[in-house]
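Got a structure here, written out as structure tokens. Questions coming.
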Amino acid sequence: MGYSPTLAVGTAAFEIIAAGWAFALARAKGRGDRAVAFTTGVILFLLAGYQLTEVAICSDVAAAGFLPRLAFIIVTWLPALGLLLIAQIRWPRSRALYGCAIGMLALSVGVVVWIALDPSFASASVCNAVYARYAHAQPRFQLYAIYYWVGLLGMILLSGHGMLASVEPRGRRLLAHVLTGTLGFILPSIAVSHFVPETRYALPSVLCHFALILAMMLARMLWVLRVAPAEATELTEDAPGARI
């Protein structure tokens, strides 16, 4: 079955619009909310970037060149930015959580350099229907998979923990959107990859398509951010529970 770019282009259009709204909201908000909106916008923009990169890859697989590696460079940033977003939302602030996010961002820099310099890291193999399969050099790719899944697991655990630890009701609502969106794209992706044999080696592409669910939850989170006032303005970094 030939590759159809309709789903990817439609998803990218939604994510670009949502990212633009996030950046506009960041300009209008105070310091704390500005950081949340800006990071959300970057995540949405990167999700759209993957979709458009996949369309470019599948338009001519034989001439894809650097594009498969670019696709992985784009998605490499998503777990780290997800952790940063969780750290920015949670109140009281957690130095440990910020440390995890910064450490993951630093690791992402190293991974991006590795991908950029390793011509055998990824190459497009097959584009089918609405997903792409990539060929990877093994076992090096297993190291990347560990990095990526640790980041996604961290997003699940730390957003859930933040919901329990946050003293600000709005913050709990925002973190609930992050947790729901993260589970909402990971679980269906794993299920499809397991039960549909044709997609078994296309999990990165399947994940990014189901990430539309995450994008929708982040857009819904932006709405909450826009209409609900912050309730933590009188709290300080030294408030009880400021560390995890």
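Over the Cα atoms of the range 4-74, each weighted equally, I'd like the Debye log10 I(q)/I(0) at q = 0.17 Å⁻¹, rounded to two decimals.
-0.64
What ranking of ILE16, ILE102 emerges when the number of other C-beta atoms within 10 Å of each C-beta is taken as an exposure proxy, fewest first?
Taking fewest neighbouring Cβ atoms as first place, the list is ILE102, ILE16.
Springs between alpha-carbon pairs under 10 angstrom, Gaussian network model over the chain: which of HIS177, HIS209, HIS194 fluctuates most?
HIS194
Between the helical axis of 140-165 and the dominant principal axis of the chain, each derived from Cα atoms, what acute angle in degrees is found, rounded to the nearest 10?
Long axis of 140-165 versus the principal axis of the chain: about 30 degrees.
Considering only VAL75, VAL178, VAL113, give the residue with the highest GNM mean-square fluctuation for the chain, with springs between Cα atoms whenever their separation is below 10 Å.
Highest fluctuation among the options: VAL113.
Now for a separate question. Regarding the range 6-227, what whole-number volume in Å³ per residue does the convex hull of its Cα atoms give?
Normalising the Cα hull of the range 6-227 by residue number yields 112 Å³.
Among PHE45, PHE121, which comes first, second and so on when ranked by fewest other beta-carbon atoms within 10 Å?
PHE45, PHE121
What cysteines in the chain have no other cysteine with a beta carbon less than 4.7 Å from their beta carbon?
Unpaired cysteines in the chain: CYS100, CYS208.
To the nearest 10 degrees, how steeply does helix 31-59 sit against the main Cα axis of the chain, on a 0 to 90 scale?
10 degrees
In debye, nearest 20: dipole of the chain around its Cα centre with unit charges on the Cβ of K, R (+) and D, E (-)?
It works out to roughly 380 debye.
Turning to a different aspect of this structure: Per residue of the chain, what 222 nm ellipticity follows from adding -39500 (n - 2.57) for every DSSP H run with n ≥ 4, rounded to the nearest 500?
Here the helix-only value at 222 nm equals -25500 deg cm²/dmol.
By how many nm would the segment from GLN142 to VAL113 lengthen if fully extended, with 0.36 nm per residue of separation less the alpha-carbon distance?
Roughly 8.8 nm would be gained on extension.
Further, regarding this structure: First obtain the Kirkwood hydrodynamic radius of the range 58-119 from its Cα pairs, then insert it into the Stokes-Einstein equation at 4 °C and 1.567 mPa s, and state the resulting D in µm² per second as a whole number.
99 µm²/s
Let me ask something else about it. Positive end of the dipole of the chain, charges at C-beta (+1 Lys, Arg; -1 Asp, Glu), about the Cα centre: which of THR180, PHE141, PRO204 has its Cα farthest in that direction?
THR180
While we're here: Could you give the angle, 0 to 90 degrees to the nearest 10, between helix 6-28's Cα long axis and the longest principal axis of the Cα atoms of the chain?
Roughly 30 degrees, rounded to the nearest 10.
Here is a further query. Work out, step by step, the length gained on full extension between SER59 and VAL150: first 0.36 nm times the residue separation, then minus their alpha carbon distance; give nm to one decimal.
Value of the extension gain: 29.6 nm.
Considering Cα pairs under 8 angstrom that are at least six residues apart, work out the relative contact order of the chain and quote it in whole percent.
This gives 23 percent for the chain.
Hey, another quick one. Most exposed first by the Cβ proxy, i.e. fewest other Cβ within 10 Å, how do VAL109, VAL42 rank?
VAL109, VAL42
Which residue, GLU198, GLU54, GLU168, has the most motion in a Gaussian network model of the chain that connects Cα atoms within less than 10 Å?
For the chain, modelled as a Gaussian network with Cα springs under 10 Å, the answer is GLU198.
Read-outs: derived from the displayed coordinates by stated rules, not from any lab. This one's a predicted model, so the numbers in the text were calculated from it and none came from an experiment. Positions of Cβ are backbone-derived with ideal geometry, glycine not excepted, and every protein chain shown enters the neighbour counts.
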